[in-house]
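Chemist: Sharing a structure with you now.
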Amino acid sequence: MRLTRTALLAAVALLAAPLAFAQVPQKATITATGSAAQICTLGAPQVNVGAATNVQSVSGSTVMLSDLADDNSFSTKATDFTATFAAMCNFNHKLTVSSDYNGLWLVGGIGTHPGFADAVPYQATFSWGGQNGSLTATAASESEVDSPIDVNQPAAGNIVIHFEVDQGATNGGNGVPLVAGTYQDILFVTLGAQ
Amino acid sequence: MRNQLLTLAAAVLIPGLAFASPVAPATATVTLTGSIGNACHMGDLSSSQISVGTLTNSSDGTLAAISGSPNTTITGSWCNVGSKITISALPMVAQGYSGSPPSGFTKAVNYTATESGWGAPTPSDTSQGTTSGADSGSHSGSADVGTAEANTITVTLSNFTAPVSGSRLVADNNYQGTITVTLTAAS
């Protein structure tokens, strides 16, 4: 009989053990996942013509200078203006400012013009994401020039680029008169991966 | 078997008493008792992850509208007594971005996690992440269920927001947040 009771007690004890364990609060852990893609945005240039020097008008992304040449010397007239671009990159990125022709060059110019110049150098200084950079278009040769800066954080705001053409600056020397015609350069502003 | 032997023995030893007054049968009562503890069991997750997908608006990098109702279920849960169900949500944070993002950006996305299917009312909790990814404090939602319950629990995410309205999300392929559901048996 004692053996029987012992056996019964043992059986009860075994059955109760899992129930005691189950009284611990039960938890389920779930992970919510998502992703944010690398994005850069770049708006159209904005130029305050009123604050510029020697700028006639802005149409879209084209800046028209009033007079590239000085009326008396026919050499380069001092010019400056600031262009801003609303922009954003949500990752570590690179800003590259490029000059397509390395200066303002005479469009359709053929051959040499002794005593005259056919290109105008300029400088562009720019700031973005806490970084500063500069591009010098020397007008020494008609080729692309790039000036990149790495920005090691996301950035949002305005890319500010200040263009400056010095009085008398030409590819033929300081103060050399310019050949008549239309002068042009194309600047590229690029935001992308490093 | 033991009782049968006793009965036979009595028949052999006392045949002459068959004519005497009947004797009341001997009885014994044994009472078995046991107890069932208050207990809850959390069932199995259909998926331990809720994928929200792409979080950013490609036009400006801000938080996109999240379509649908991202959810998961827990099947086979039970409590053999009244219970308290608690849910807590921590923000989805960019796992690969170290440090605090610059002004105008965020590395956290907040949301509301709501439990349903386990009695009523349905508790919910909203994460309280800051742009730097930290959760701003201890918080949770809970509900008391008065009776035993055995049901499927559904956890649904909604109301996705940036800590600062209009802030942009830093790029990261792995934003993660944690939702915890707890079942506690009433004591």
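Chemist: Looking at the range B:140-158, is at least one residue away from chain A (no Cβ under 13 Å), farther than 20 Å from B:GLY82 by Cα and modelled with pLDDT of 95 or more?
Modeler: No, there is no match, as no residue in the range B:140-158 is away from chain A (no Cβ under 13 Å), farther than 20 Å from B:GLY82 by Cα and modelled with pLDDT of 95 or more.
Chemist: Another question, then. If you scan the range A:155-175, which residues turn out to be open to solvent by 30 Å² or more (accessible area, probe 1.4 Å) and among the hydrophobic types (A, V, I, L, M, F, W, C)?
Modeler: Passing the criteria: A:ALA156, A:VAL160.
Chemist: If I go through the range A:127-149 residue by residue, how many of them are open to solvent by less than 20 Å² (accessible area, probe 1.4 Å) and of a type in the set (D, E, K, R)?
Modeler: Residues in the range A:127-149 being open to solvent by less than 20 Å² (accessible area, probe 1.4 Å) and of a type in the set (D, E, K, R): 0 in total.
Chemist: Looking for whichever is in a strand (DSSP E or B) and either open to solvent by 30 Å² or more (accessible area, probe 1.4 Å) or closer than 17 Å to A:ASN90 by Cβ (or both) here; the options are B:SER100, B:SER158, B:SER165. Which one fits? Write out each step before concluding.
Modeler: Details: B:SER100 fails: in a strand (DSSP E or B); B:SER165 fails: in a strand (DSSP E or B).
One residue alone meets the criteria, B:SER158.
Chemist: I'd like the residue in the range B:159-187 that is under 20 Å from the mean Cα position of the chain (by Cα) and more than 7 Å from chain A (Cβ to nearest Cβ) and, out of all such residues, is farthest from B:ASP135 (Cα to Cα).
Modeler: Going through the qualifying residues, I end up with B:SER187.
Chemist: So, one more: If A:TYR122 meets every condition in (1) touching an Asp or Glu at 6+ places or on another chain (Cβ under 7 Å); (2) aromatic (Phe, Trp, Tyr); (3) open to solvent by 40 Å² or more (accessible area, probe 1.4 Å) apart from one, which number is that one?
Modeler: A:TYR122 satisfies every listed condition except (3).
Chemist: For B:VAL52, which of the numbered conditions (1) at pLDDT 95 or above; (2) open to solvent by 50 Å² or more (accessible area, probe 1.4 Å); (3) under 30 Å from B:THR106 (Cα atoms) fails to hold?
Modeler: So B:VAL52 meets the others, but not (2).
Okay, residues lined up against (1) part of a strand (DSSP E or B); (2) open to solvent by less than 20 Å² (accessible area, probe 1.4 Å); (3) of a type in the set (A, V, I, L, M, F, W, C):
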position	(1), (2), (3)
B:GLU115	yes, yes, no
B:ALA143	yes, yes, yes
B:GLN176	yes, no, no
B:THR184	yes, no, no
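Chemist: When residues of the range B:68-121 are filtered for being over 26 Å from B:ASP144 (Cα atoms) and touching an Asp or Glu at 6+ places or on another chain (Cβ under 6 Å), how many remain? Explain how you work it out, then say what you get.
Modeler: Quick first cut of the range B:68-121, residues over 26 Å from B:ASP144 (Cα atoms) only: B:68, B:92-109.
Retained after the next criterion (residues that are touching an Asp or Glu at 6+ places or on another chain (Cβ under 6 Å)): B:94, B:96-97.
Summing the residues that are over 26 Å from B:ASP144 (Cα atoms) and touching an Asp or Glu at 6+ places or on another chain (Cβ under 6 Å) in the range B:68-121 gives 3.
Chemist: Could you tell me whether the range A:98-118 includes any residue that is open to solvent by less than 20 Å² (accessible area, probe 1.4 Å), in contact (Cβ under 8 Å) with a residue 60 or more places away in the chain and closer than 19 Å to A:THR84 by Cβ?
Modeler: Yes, some residue in the range A:98-118 is open to solvent by less than 20 Å² (accessible area, probe 1.4 Å), in contact (Cβ under 8 Å) with a residue 60 or more places away in the chain and closer than 19 Å to A:THR84 by Cβ.
Chemist: A further question on this structure: Looking at this structure, is B:THR73 modelled with pLDDT of 95 or more, open to solvent by 30 Å² or more (accessible area, probe 1.4 Å) and among the hydroxyl-bearing types (Ser, Thr, Tyr)? Please lay out each step first, then the result.
Modeler: On the way: modelled with pLDDT of 95 or more: yes; open to solvent by 30 Å² or more (accessible area, probe 1.4 Å): yes; among the hydroxyl-bearing types (Ser, Thr, Tyr): yes.
It is true that B:THR73 is modelled with pLDDT of 95 or more, open to solvent by 30 Å² or more (accessible area, probe 1.4 Å) and among the hydroxyl-bearing types (Ser, Thr, Tyr).
Chemist: Right, something else. Determine, yes or no, whether A:ASN152 is farther than 27 Å from A:ALA69 by Cβ, open to solvent by 50 Å² or more (accessible area, probe 1.4 Å), of a type in the set (S, T, N, Q) and within 14 Å of another protein chain (Cβ to nearest Cβ). Walk me through how you get there before you give the answer.
Modeler: Numbers: farther than 27 Å from A:ALA69 by Cβ: yes; open to solvent by 50 Å² or more (accessible area, probe 1.4 Å): yes; of a type in the set (S, T, N, Q): yes; within 14 Å of another protein chain (Cβ to nearest Cβ): yes.
Yes: the conditions hold for A:ASN152.
The values are calculated or read from the model by the stated rules, or taken from the named source; none is laboratory data. All values reported here derive from a predicted model rather than from experimental measurement. Backbone-built Cβ (ideal geometry, glycine too); neighbour counts: all protein chains shown. SASA here: full protein model, heavy atoms, side chains in, ligands and nucleic acids out. Shrake-Rupley method; radii C 1.70, N 1.55, O 1.52, S 1.80 Å.
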